[in-house]
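The values are calculated or read from the model by the stated rules, or taken from the named source; none is laboratory data. Just so it is clear, the structure is predicted and the values come from calculations on it, not from any experiment. Glycine also receives a Cβ, built like all others from the backbone with ideal geometry; neighbour counts cover every protein chain displayed. These area figures cover heavy atoms from the full protein model, side chains too; ligands, DNA and RNA do not enter into them. Shrake-Rupley method; radii C 1.70, N 1.55, O 1.52, S 1.80 Å.
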Amino acid sequence: MRLSRYFLPVLKETPSEAQIASHRLMLRAGMIKQASAGIYSWLPLGFKVLRKLENIVHEEQIRAGHIPMLMPTLQSADLWKESGRYDAYGPEMLRIRDRHDRDMLFGPTNEEMITDIFRSHVSSYKDLPLTLYHIQWKFRDEVRPRFGVMRGREFLMKDGYNFDLTKEDALHAYNRHLVAYLRTYERMGLQAIPMRADSGPIGGDDTHEFLVLADTGESEVFYDSAVTDIRLGARDIDYDNVDQCQAVMEEFTSLYARTDETHDEAVFNAVPEERRRSARGIEVGQIFYFGTKYSDAMGATVQGPDGKSVPVHMGSHGIGVSRLIGAIIEANHDENGIIWPEGVTPFHCGIVNLKQGDAETDAACETLYAALVKQGLEPLYDDRNERAGGKFATMDLVGLPWRLTVGPRGLKNGVVELTSRRTGESTELSLDEAVSKLAEIYAPHRSDIAHP
Ligand code: P5A
């Protein structure tokens, strides 16, 4: 993309309504624009990051054997009356009446709708296990929408639902989600710690929230500092292997890590004092096992191997896709702007032309641009007639992990400068070397699964 032809409305001033860094930087970098309280337009740069996150989520869900689909945002109230949640959900649910006076709602979640789909089409245990998911906009009329996309009213969620014959199978689905979620967050450059939590309006006893530690997080958390040393890393996990998924689950959840809702001072005190931590965190996902809560209420049964009809065991699993952008920026920024992790960056590198209009410099930038595109990389080329300082400031704000600086002085020696946004370190490389270096850096971040 050439910056002269892009739509990147960066702001010089710090918007006064933004209280935290991620909100400020998303506004300043021209990623979002508030449409009304807690509702945002996703401008091209923000939209690009959102799509990148969606892709990672799809890839990791498909890898785990879960099946993508798409349900509507608007739902009929009838299903919610069946489950008993229409009244229970309260003022957070946006209720709408259509022209025929039918009660509708903007879905805050989809347990009812998916259970209805399941009961309409599945009747035998032979069709189980089954996990369906989608990535769709949700609406929750939060009392205090704030911090930009972190606590929105309209927000993008990946929500998945598992249907299993037995509790044991459903717990395997729970563990599988835990592993897939850990992989997802790690690919986004985040450490999200699974913590025992409260199930709230979704219901059930078994639930973990995934929290990214950050001072600006809305949740208060308590944990054994040893949990922050565990990583999934490049381990190859067989998602069908019950024991393997269970082992990862235990490794990640046996140390003390809880949100304030489930915090137990007595149990916490058994953790060695030097490892006890209380901190704040951003909730980027939650997984639930709620047994037959919805299948009982809505008659979602299958015929078991013995011919008897039994309600299916279910769980649901959510990732806050739009909130994640805020969480990633909270964890990756400095005073000059965002610092995207390679896995989610909207463009792979910036190209800064120090002397726009100089034939040789322009030609070198064009050569680099074409060579990077040929490698499957997306550069953002600042080809505007601006002074160098302004170009650097924009690149720093937008936060691409790598910048190529091209000017007549370097070109005399056949080199350009490759600079890391994170460390500020620069190296001089020939054009070919710079392109191969970037291809090498991004090789581990390429996707390998076909997704929708
Ligand atoms: C699980 C999927 C559920 O709704 N039903 C389907 C279950 N869980 S949840 O924890 O309530 O939400 C899942 C994730 O969505 C994000 N989230 C939000 N993001 C931005 N703004 C909001 N107002 C908001 N509310 C929830 C969180 O990341 C949460 O973990």
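Between Arg144 and Met104, the C-beta separation translates, for a Förster distance of 22 Å, into a calculated FRET efficiency of about 0.30. The angle between the Cα long axis of helix 359-374 and the main principal axis of the chain comes to about 30°, on a 0 to 90 degree scale. What is the sum of charges around Ser316, taking Lys and Arg as +1, Asp and Glu as -1, for the other residues whose C-beta is under 13 Å from the C-beta of Ser316? Once positives and negatives cancel, what remains is -1.
Using the Cβ-Cβ distance between Ala88 and Ala35 with R0 = 25 Å, the FRET efficiency computed as 1/(1 + (r/R0)^6) comes to roughly 0.30.
Each part gets one Cα centre, and for the stretch 212-252 versus the stretch 302-378 those centres are 22 Å apart.
Taking one quarter of the surface of the C-alpha convex hull of the stretch 74-154 gives a mean projected area of 7.0 nm².
Highest mean packing first, where packing is the average number of other Cβ atoms within 10 Å per residue, the peptides 331-341, 435-445 line up as 331-341, 435-445. Excluding ligands, DNA and RNA, the accessible surface per residue across the chain is 44 Å² with a 1.4 Å probe. From most to least packed by mean Cβ count within 10 Å, the peptides 360-368, 342-350 give 342-350, 360-368. Size descriptors for the stretch 1-146, from the alpha-carbon set: Rg then Dmax equal 19.6, 61 Å.
Summarising the amide proton neighbourhood of Phe290: residues at separation of 5 or more, or on other chains, whose placed amide H is nearer than 5 Å comprise Met314, Gly315, Ser316. Among 38-44, 108-114, 120-126, sorting by the average number of other beta carbon atoms lying within 10 angstrom of each residue, highest first, gives 108-114, 38-44, 120-126. Dimensions of the chain from C-alpha coordinates, computed as largest minus smallest value along each principal axis and given longest first, are 81, 58, 43 Å. The base-10 log of I(q)/I(0) for the stretch 373-452, evaluated at q = 0.15, 0.21 Å⁻¹, reads -0.61, -1.11 [Debye formula, identical scatterers on Cα atoms, solvent excluded]. Model label sites at Asp264 and Asn413, defined 7 Å from Cα along the beta-carbon direction, differ in position by 6.4 nm. A simple spin-label model places the labels of Glu425 and Val310 5.8 nm from each other, with each point 7 Å out along Cα-to-Cβ.
Principal-axis analysis of the Cα atoms of the chain puts helix 388-398 at an angle of about 10° to the longest axis. Bridges between two residues of the stretch 338-452, per DSSP, are antiparallel at a rate of about 45%. If a/c stays under 1.5 just call it rounded; otherwise compare a/b with b/c (prolate if a/b is bigger, oblate if not). Do that for the stretch 195-253, with a ≥ b ≥ c from the square roots of the Cα gyration tensor eigenvalues. Note, shape of the stretch 195-253 comes out oblate. Seen from Glu261, the other residues with C-beta closer than 12 Å to its C-beta sum to a net charge of -4, counting Lys and Arg as +1 and Asp and Glu as -1.
Summing Lys and Arg as +1 and Asp and Glu as -1 over all other residues whose Cβ lies under 15 Å from the Cβ of Arg387 gives a net charge of -1. Normalising the average separation of contacting C-alpha pairs (under 8 angstrom, six or more residues apart) by the number of residues puts the relative contact order of the stretch 1-41 at 33 percent. Annotation for the stretch 390-452 versus the stretch 93-112: alpha-carbon center distance of 48 Å.
For the pair Ser124 and Asn241, a Förster radius of 25 Å applied to the C-beta separation gives a FRET efficiency near 0.50, rounded to the nearest 0.05. Calculated mean residue ellipticity, 222 nm, the chain: -10000 deg cm²/dmol, from DSSP H runs (n ≥ 4) at -39500 (n - 2.57) each, averaged per residue and rounded to 500. What angle do you read, to the nearest 10 degrees and between 0 and 90, between the alpha-carbon axis of helix 321-331 and the longest principal axis of the chain? Compared with the principal axis, the helix lies near 50 degrees. The gain in end-to-end length when the Met71 to Phe47 segment is fully stretched comes to 6.6 nm, 0.36 nm per residue minus the alpha carbon separation. The average projected area of the stretch 203-314, computed from the convex hull of its Cα atoms over all directions, is 10.0 nm².
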